[in-house]
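S.K.: The structure follows.
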Amino acid sequence: MKREFWQNFDFLLFGSMIMACLFGIAMIRSAIAGNEELASSVRSQIIYVILGLVLSLITSLIDYHYWQSLSRFMYIMAILLLVGIYIIGEAAFGSRRWFQVGIINIQPSELAKIIMIIVLANYYANNANQPKDILWILRSLGLTLGVVIWILLQPNLSTSIVILVLWFSMTWISGLKTRYLIIFGTIGIVGLAVFLGLIAWGVKLPFVEDYQVARVVNFLFPDPTARHGNVYNVEQALITIGSGGWFGEGYSTSTQVQLRFLKVRHTDFIFSAMASEFGFIGTVLIILLLVFIILRCLRAARLASDMFGALIAYGFSTLMFFQTAVNIGVNLNLLPVTGLTLPFISYGGSSLLSLVLGVGLVESVIAHRKALEF
């Protein structure tokens, strides 16, 4: 069994993840250079990477079918953890999202992404032979909203959107009929238009905080004279990206980064810092590395021996693609500021741990696959 496991183990996927994590540590070190308040961030990220790689290997060794039997328990635990945020959670930046455990901050909403991939994969696999009707859709949506509602209340709109995207993509790949796809697409477009219209009119919306409204308003109607806030941050991000040119200013020598014109440069805007130091060529190489990881996950979905495993791999590849696209879109001012990290690169322990656990699950799917018997 062990020999078969290592024969099937995707070393290219695991090695690519390690490369991305190591590059992320290097970028965080450069981004926070000289900032005493953030000096411990590099050490923290190294600890999270080591811990994450160990957990990823352990997860890959466990047959992924084991998580299918625990999906209901994991779903309940996710809700309890999210509810527990209101009791003992740590508040920061206008929202309550973290548990403080010693020197480690744990963000349950990040773990909820991976749990929902497992829960939805289990639902669709168990109901593969059921009619793909509106009841089939509403049941899966109900499971999703059972978690999303608690994340919205933190408030955390961006993570809520991520989980809804996971739900829609996994529903679609599981056999969503074309007419329902058109209906949901129309509802989404109309809902977005209404949302933007209400914000433009200054209407107070439930589950949407003032700072979240401000992000959308600043994106739609930016104030070019702003010298602080999201508009200023995005403006500096664009300047930082442009300063890199084709080959960059060099590691730890970017004036925009080292002189701290670029804000939150080790988290939301680390892509801009990367572009400034390594230029267009270096940035494209890192993007290709992330794309390669996504493609290896899709390969695992294709080779999976059952629907449950295929949906796990597909769901995680969707998560990777969406977060990567949104983070880069924010840095290029194509999307409002969201707070989503660049996978494996941005600073953030909970985000990193959820992603490496996701890779561990995909490795389990590919390593424990069985040859088809005729």
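Every number in this text was worked out from the coordinates using simple rules, so none of it is lab data. Computed from a predicted structure; not experimentally measured. As a convention, Cβ positions derive from the backbone with ideal geometry for all residues, glycine included, and neighbour counts pool all protein chains shown.
S.K.: For Tyr347, list long-range residues whose amide hydrogen, built 1.01 Å from N in the peptide plane, is under 5 Å from its own amide hydrogen.
M.R.: Thr267
S.K.: Then there's this: Restricting everything to alpha-carbon atoms, can you work out Rg to Rh for region 198-332 with a Kirkwood hydrodynamic radius?
M.R.: Details: Rg = 18.6 Å, Rh = 17.0 Å.
Ratio value, two decimals: 1.09.
S.K.: Given a Förster radius of 35 Å and the C-beta distance between Trp246 and Asn35 as r, what FRET efficiency does 1/(1 + (r/R0)^6) yield to the nearest 0.05? Don't skip to the end; give the middle numbers.
M.R.: Numbers: r = 28 Å, r/R0 = 0.81.
Calculated transfer efficiency: 0.80.
S.K.: Modelled label-to-label distance, Leu334 and Leu135, 7 Å Cα→beta-carbon offset: nm?
M.R.: A separation of 4.2 nm, rounded to one decimal place.
S.K.: Please state the relative contact order of the chain as a whole percent: Cα pairs under 8 Å, 6+ residues apart? Can you show the working numbers first?
M.R.: Numbers: 498 pairs, mean separation 109.6, N = 374.
Computed value for the chain: 29 percent relative contact order.
S.K.: Translational diffusion coefficient, Stokes-Einstein: compute it for region 2-367 using the Kirkwood radius over C-alpha pairs as Rh, at 20 °C and 1.002 mPa s, and state it as an integer in µm² s⁻¹.
M.R.: On the way: Rh = 21.4 Å.
It comes out at roughly 100 µm²/s.
S.K.: Give me the Kirkwood hydrodynamic radius of region 295-374 in Å, from all C-alpha pairs, to one decimal place?
M.R.: Details: mean 1/r = 0.0733 Å⁻¹.
Its Kirkwood hydrodynamic radius stands at 13.6 Å.
S.K.: What distance in nm separates the two pseudo spin-label positions at Asp210 and Arg43, each 7 Å out from Cα along the beta-carbon direction?
M.R.: It is 3.8 nm.
S.K.: Using each residue's phi in region 121-136, evaluate 6.51 cos²θ - 1.76 cosθ + 1.60 at θ = phi - 60° and report the 3J(HN,Hα) Karplus result to the nearest Hz, with x for Gly and Pro.
M.R.: Each residue's phi maps through the Karplus curve to give 4, 5, 4, 5, 5, 6, 10, 4, 9, 7, x, 7, 9, 5, 5, 4 Hz.
S.K.: For the chain, with only Lys/Arg (+1) and Asp/Glu (-1) charged at the beta-carbon, what is the dipole magnitude about the Cα centre, in debye rounded to 20? Can you show the working numbers first?
M.R.: Working: 23 positive and 18 negative charges, 112 e Å.
The calculation lands at about 540 debye.
S.K.: Sticking with this structure for a sec: Of all the stretches in the chain, which is the longest one without any exposed loop site, taking trypsin sites (Lys or Arg not before Pro) in a DSSP loop (any state but H, G, I, E, B) with at most 13 other Cβ atoms within 10 Å? Write out the running numbers ahead of the final one.
M.R.: Numbers: sites that count: Lys204, Arg227, Lys370.
Result, exposed sites excluded: 1-203.
S.K.: Rounded to the nearest 0.05, what FRET efficiency do Phe280 and Leu220 give with R0 = 35 Å and r taken as the Cβ-Cβ distance? Could you check?
M.R.: Details: r = 28 Å, r/R0 = 0.80.
Efficiency, from the Cβ-Cβ distance: 0.80.
S.K.: Okay, next question. Pulled fully out, how much extra length does the chain show between Ile18 and Leu164, if you take 0.36 nm times their separation in residues and subtract their Cα-Cα distance? Intermediate values should be presented prior to the final figure.
M.R.: Numbers: separation 146, 0.36 × 146 = 52.56 nm, distance 2.84 nm.
Length gained, Ile18 through Leu164: 49.7 nm.
S.K.: If I take R0 = 22 Å and measure r between the Cβ atoms of Phe11 and Ile287 in this structure, what FRET efficiency does the formula 1/(1 + (r/R0)^6) give, to the nearest 0.05? Before the final figure, lay out each step's value.
M.R.: Working: r = 22 Å, r/R0 = 0.99.
It comes out at approximately 0.50.
S.K.: Shifting gears a bit: Pulled fully out, how much extra length does the chain show between Leu55 and Met77, if you take 0.36 nm times their separation in residues and subtract their Cα-Cα distance? Walk me through the numbers on the way to the answer.
M.R.: On the way: separation 22, 0.36 × 22 = 7.92 nm, distance 1.88 nm.
Fully extending the segment from Leu55 to Met77 adds 6.0 nm.
S.K.: How far is it, in nm, from the label point at Ala26 to the one at Ala325 when both lie 7 Å from their Cα along the line to the Cβ?
M.R.: 2.9
S.K.: Ok, one more. Report the extension gain between Asn127 and Lys263 in nm, rounded to one decimal, defined as 0.36 nm multiplied by the number of residues separating them, less their alpha carbon distance. Can you show the working numbers first?
M.R.: Values: separation 136, 0.36 × 136 = 48.96 nm, distance 4.71 nm.
Result for the pair: 44.3 nm of gain on full extension.
S.K.: Listed here are the pairs Lys113/Lys263; Lys177/Lys204; Lys2/Lys132; which of them are more than 29 Å apart at the Cα? Spell out each step's value before the answer.
M.R.: Numbers: Lys113/Lys263 27 Å; Lys177/Lys204 35 Å; Lys2/Lys132 39 Å.
Flagged as over cut-off: Lys177/Lys204; Lys2/Lys132.
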